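Here the structure is laid out as structure tokens; the discussion comes afterwards.
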Amino acid sequence: MIKFWKKRIKNSILTEHLEYDKELTNIQKELKSFISKKFASSLSIRMIDSGSCNACESECNALSNPYYNLDRLGINFVASPRHADMLLVSGVNTFNMYHHLLDAYLQMPSPKYVVTLGDCPIMSQNVFDESFAIVGDVAKYLPVAYHISGCPPSPNDIIVGLLEFLKRLK
């Protein structure tokens, strides 16, 4: 144990990455600025898992921890599609979830946006595309405004993807 503490004192804390933290802070400031301009200071997201392994959902859960803290940027995950500005879809579009996905989209107030998350919603990048339980690409059934790629995308990739999506809005 003494070896550990000597090494720790000698090398200091190795978990901090100051350049990455500065970059993330700049991205968060820009994201907050776009949200305040385009969504009146609050972007409400309804996330739907249409048949995933829950890796994308766990990365989105990490967005609410104190390090990323999306709540202070004005991004909130909501339970009802009637309160949502954006639908965040993860997972393959399964036969059982297809109707629920469409129903959630129809319940959203206008203007409504669909953003896909991870590699599963895009059939060309999906390992399950030959299954009988898969309806097909989400973009066939819903107007997808933006795609955040990765399997699973890291929380930083999700934040950058949301920023890129907001930059594309008029």
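The values are calculated or read from the model by the stated rules, or taken from the named source; none is laboratory data. Since the model is a prediction, treat every value here as computed from it, not as a measurement. Please note: Cβ atoms are built from the backbone with ideal geometry, for glycine as well, and neighbour counts cover all protein chains shown.
Just checking, how many residues over region 68-100 are more than 15 Å from the chain's Cα centre (by Cα) and part of a strand (DSSP E or B)?
1
Evaluate the following for Lys29: is it of a type outside the set (Phe, Trp, Tyr), out of contact with any Ser or Thr (no Cβ under 9 Å at 6 or more places or on another chain), under 22 Å from Arg168 (Cα atoms) and in contact (Cβ under 8 Å) with a residue 60 or more places away in the chain?
Spelling it out, it is not the case that Lys29 is of a type outside the set (Phe, Trp, Tyr), out of contact with any Ser or Thr (no Cβ under 9 Å at 6 or more places or on another chain), under 22 Å from Arg168 (Cα atoms) and in contact (Cβ under 8 Å) with a residue 60 or more places away in the chain.
Can you tell which of Ile148, Ile122 is farther than 15 Å from Ser42 by Cα, at pLDDT 90 or above, in contact with an Asp or Glu (Cβ under 7 Å, 6 or more places away or on another chain) and of a type in the set (A, V, I, L, M, F, W, C)?
After ruling out the rest, the residue left standing is Ile148.
Is it the case that some residue within region 12-31 is surrounded by fewer than 17 Cβ atoms within 10 Å (Cβ to Cβ), farther than 24 Å from Ala145 by Cα and small (Gly, Ala, Ser)?
Checking region 12-31: at least one residue is surrounded by fewer than 17 Cβ atoms within 10 Å (Cβ to Cβ), farther than 24 Å from Ala145 by Cα and small (Gly, Ala, Ser).
For residues in region 99-119 being surrounded by 19 or more Cβ atoms within 10 Å (Cβ to Cβ) and of a type in the set (Gly, Ala, Ser), which is modelled with the highest pLDDT?
Looking at the filtered set, the residue picked out is Ala104.
Kindly indicate whether Asp129 is charged (D, E, K, R), in contact with a helix residue (DSSP H, G or I) (Cβ under 9 Å, 6 or more places away or on another chain), at pLDDT below 85 and surrounded by fewer than 19 Cβ atoms within 10 Å (Cβ to Cβ).
So Asp129 passes the test.
For region 143-170, name all the residues that are farther than 21 Å from Lys38 by Cβ and either β-branched (Val, Ile, Thr) or in contact with a Phe, Trp or Tyr (Cβ under 9 Å, 6 or more places away or on another chain) (or both).
Scanning region 143-170 gives Pro155, Asn156.
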